[in-house]
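Read the structure below first, then the notes.
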Amino acid sequence: MSVSEKDVKYIANLARLQLTDEEAVSFAEDMSKILDYMEMLNELDTSEVEPLEHVIELDSRFRKDEAKPPLSHTDALKNAPDADSDYFRVPKVIE
């Protein structure tokens with residue numbers, strides 16, 4: 001399967017990325033190679049292969065759920081890019 005520069009630019013636009021023409025050509029080639037490899041993998045007979053959830057056997061390694069005191073307002077707002085005394089300030093998104 002072949003990916004065109006137009007396809008790459010369309011995908012980049014959806015992802016809000018700005019690509020140069022050289023980058024679009026390079027990504028088109030790379031994406032075409034990936035899709036060609038996926039087509040090659042689709043030709044393999046996997047009827048005898050049992051589906052996996054994960055490649056490696058892992059035990060659940062969750063931490064204990066322990067109650068901790070909440071953050072204070074000052075600690076929560078300490079690293080905020082824009083805040084007033086009590087709230088995070090964000091750009092208006094609804095007109």
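Placing unit charges on the Cβ atoms of the charged side chains and taking the dipole of the chain about its Cα centre, the candidate lying farthest along the positive direction among S4, T20, F88 is F88. Can you check what the Kirkwood hydrodynamic radius comes to for the chain, Cα pairs only, in Å to one decimal? In the chain this quantity evaluates to 19.8 Å.
Based solely on its DSSP helices, what 222 nm [θ] is calculated for the chain when runs of n ≥ 4 H residues each add -39,500 (n - 2.57) and the sum is averaged over all residues, nearest 500 deg cm²/dmol?
Computed ellipticity for the chain at 222 nm equals -12000 deg cm²/dmol.
Against the chain, whose longest principal axis comes from its Cα atoms, helix 21-42 is set at around 70 degrees.
In a Debye calculation with equal point scatterers on the alpha-carbon sites of region 9-62 and no solvent, what is log10 I(q)/I(0) at q = 0.19, 0.20, 0.29 Å⁻¹? Calculated log10 I(q)/I(0) at the listed q: -0.79, -0.81, -1.16. In terms of the mean number of neighbouring beta-carbon atoms within 10 Å, the peptides 50-59, 23-32 order highest first as 23-32, 50-59.
Seen against the Cα atoms of the chain and their longest principal axis, helix 5-14 is set at about 20 degrees. Per-residue 3J(HN,Hα) values for region 81-95, derived from phi via the Karplus relation 6.51 cos²θ - 1.76 cosθ + 1.60 with θ = phi - 60°, read x, 8, 8, 9, 5, 10, 9, 6, 10, 10, x, 5, 10, 10, 7 Hz in sequence order (x marks Gly and Pro). Separation of region 60-88 from region 1-41 is 40 Å, based on Cα centroids.
No value in this document is a laboratory result; all are computed from the given coordinates. Please read these numbers as outputs of a predicted model, since none were measured by experiment. In this analysis, Cβ positions are derived from the backbone assuming ideal geometry, glycine residues included, and neighbour counts consider all displayed protein chains.
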